[in-house]
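Here's the structure, in structure tokens; my notes come after.
The values are calculated or read from the model by the stated rules, or taken from the named source; none is laboratory data. These figures come from a predicted structure and were not determined experimentally. FYI the Cβ positions are ideal-geometry reconstructions off the backbone, even for glycines, and counts take in every protein chain you see.
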Amino acid sequence: MIRSTRTPRSGMTGVGGRKTATARVLLQPGTGNVIVDGQPMEDRFPRLALQNQITLPLRVTNTQRSFNVLVKVSGGGISGQAGAITHGIARALVKVDEGHRTTLRQAGLLTRDSRAKERKKPGLKRARKAPQYTKR
């Protein structure tokens with residue numbers, strides 16, 4: 001069975017991830033509003049750098065005023081969530097228009113950033129930090 005990428009609310013969806021954060025993004029034709037978990041992006045992410053990161057896929061493809069973006073994000077902190085939203089928007093834009101793929105790929109927005117916190121190892125204080133060596 002082939003499942004459609006269209007949702008009942010008529011838009012294109014994309015799922016993005018970064019660290020432990022996951023974002024479900026819905027693009028709808030509109031004026032450029034970005035709503036994250038029912039709040040405007042400016043309220044949810046007060047830092048301008050994170051706002052710029054979130055809207056980067058729209059700016060790169062020159063579609064800022066073409067879509068309203070609805071996001072449900074969970075897990076991680078604000079930095080990881082912003083990265084997950086960016087990834088989700090980029091993937092949804094590719095579904096809207098396949099021509100955006102090369103532009104987004106060149107900007108590095110379609111590749112999931114797989115870096116995450118490394119686990120603590122036995123006998124060490126953190127992932128790689130060993131206890132201090134004492135000679136005597």
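Some observations on this one:
- Selection within the range 92-136 - touching a Leu at 6+ places or on another chain (Cβ under 7 Å) and more than 24 Å from Ala21 (Cα to Cα): His100, Ala130
Table: residues versus (1) closer than 19 Å to Gln28 by Cα; (2) modelled with pLDDT under 95; (3) among the aliphatic types (A, V, I, L, M); (4) in contact with a Gly (Cβ under 8 Å, 6 or more places away or on another chain).
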| residue | (1), (2), (3), (4) |
| --- | --- |
| Gly75 | no, no, no, no |
| Gly108 | no, no, no, no |
| Ala116 | no, yes, yes, no |
| Pro122 | no, no, no, no |
| Lys135 | no, yes, no, no |
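- Selection count where residues are at pLDDT below 95 and within 16 Å of Phe45 (Cβ to Cβ), scope the range 60-73: 0
Yes/no matrix, rows are residues, columns are (1) surrounded by fewer than 19 Cβ atoms within 10 Å (Cβ to Cβ); (2) in a strand (DSSP E or B):
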site	(1), (2)
Ala23	no, yes
Gln53	yes, no
Pro57	no, no
Asn62	yes, no
Val73	no, yes
Ala82	no, no
Ala92	no, no
Thr102	yes, no
Arg105	yes, no
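- Check on Thr86, of a type outside the set (Asp, Glu), surrounded by 10 or more Cβ atoms within 10 Å (Cβ to Cβ) and over 19 Å from Leu26 (Cβ atoms): no
- Residue-level analysis places Arg119 among those that are without any contact (Cβ under 8 Å) to a residue 24 or more places away in the chain and over 23 Å from Arg47 (Cβ atoms).
- Some residue of the range 74-83 being touching a strand residue (DSSP E or B) at 6+ places or on another chain (Cβ under 7 Å) and farther than 13 Å from Thr22 by Cβ: no
- Every pair of residues 6+ apart whose Cβ atoms lie under 8 Å, when the first sits in the range 89-108 and is under 19 Å from Gln53 (Cα atoms) while the second is part of a loop (DSSP other than H, G, I, E, B) and among the basic types (Lys, Arg): none
- Scanning the range 107-118 for residues that are charged (D, E, K, R) and either under 14 Å from the mean Cα position of the chain (by Cα) or surrounded by 10 or more Cβ atoms within 10 Å (Cβ to Cβ) (or both) yields Arg112, Asp113, Arg115.
- Going through (1) loosely packed, with under 14 Cβ neighbours inside 10 Å; (2) at pLDDT below 95 one by one, Met12 falls short only on (1).
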